[in-house]
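Got a structure for you, questions after.
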Amino acid sequence: MSDVASDTKRSLPVTAGNLRQSHLYINGHYDFFPSDAVRGSKKNRNGELPIEIFLEGLNETVKTDIGSDAKTRKPRGFFRGRKWVRRFYAHHAVAAGENLSLERLDERRYRLSVERSVSNGRYPTAAEFFRRHRARSTCPGAARLESRFLPTTSTG
């Protein structure tokens, strides 16, 4: 997807800072959300949050809003919730430089997915796929298995 804003879909680049801080920049996309999605500097106490985001791949929907700065009242550049962003990044093994797609389903419902294109006209081999995801592996014996079955690249 291009950088051009759409009425139904936006492309959001992921930075290294996003990955470290478990957030997703939405600067410049405030018009994509209902005006009341930007709330105060503190979490809404009555539990009513204005937007829902379906997390593709996790098959769950989260409720969130966009916080604002306490002094200036300007919207912050990311969604208030961060735990779900961290889970989404980890589940999809998102890397800096990749883009996410935020699609509007209706006025207050959205779907978040990873934009991954097929490189060189082909899908990755199993070895390429697992090499890409090994940094995120939580399996205790994963490193030992990878060293036996995945080829290593040598320098020199």
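Bear in mind these aren't lab numbers, they're just calculated from the coordinates by the rules spelled out. All values reported here derive from a predicted model rather than from experimental measurement.
Just want to confirm a number: the relative contact order over region 9-115, from Cα pairs under 8 angstrom separated by 6+ residues, in percent.
37
Turning to a different aspect of this structure: How large is log10 I(q)/I(0) at q = 0.16 Å⁻¹ when the Debye formula is applied to the Cα atoms of region 9-115, each weighted equally and without solvent?
Log10 I(q)/I(0), no solvent term: -0.67.
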